[in-house]
Amino acid sequence: MAHRDPPGHLAPHIPADDWNRATATGTPVVIVVHPATHTGIPWRRVLVPLAVAGAAGLGGWGLVVAVCALLDATAHAVTVIATAAGPIGVGGITLRLTRTKH
């Protein structure tokens, strides 16, 4: 009997001894061929960087909004202090920060 390997490259995982025994005894050999892997876009590989970039973008905008809110609060506080204090003088130089109402 001649030594025969499994046909083609369909099932290289079948040991030659098992193949030869199956062909010698006439028992069927079941070869399971799994379908090809999905060739489309691997969505997890795409969505994770997009989620990270989106979170970074939203965080950046959050920082901008926080800085704007702090600057607005600072401007209001300076205005209230300047209005209450009136003219400010240091060393003979007087600086009037706001206009008088009359």
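Between A82 and L63, the modelled label-to-label distance comes to 2.9 nm, taking each label 7 Å out from Cα in the direction of the beta carbon.
The simple spin-label model puts a point 7 Å past each Cα toward its Cβ; for A22 and A75 those points are separated by 8.0 nm.
Bear in mind that the values in this text are calculations on the coordinates, not laboratory data. Computed from a predicted model, the values in this text were never measured in an experiment. Every residue, glycine among them, receives a Cβ derived from its backbone with ideal geometry; neighbour counts consider all protein chains shown.
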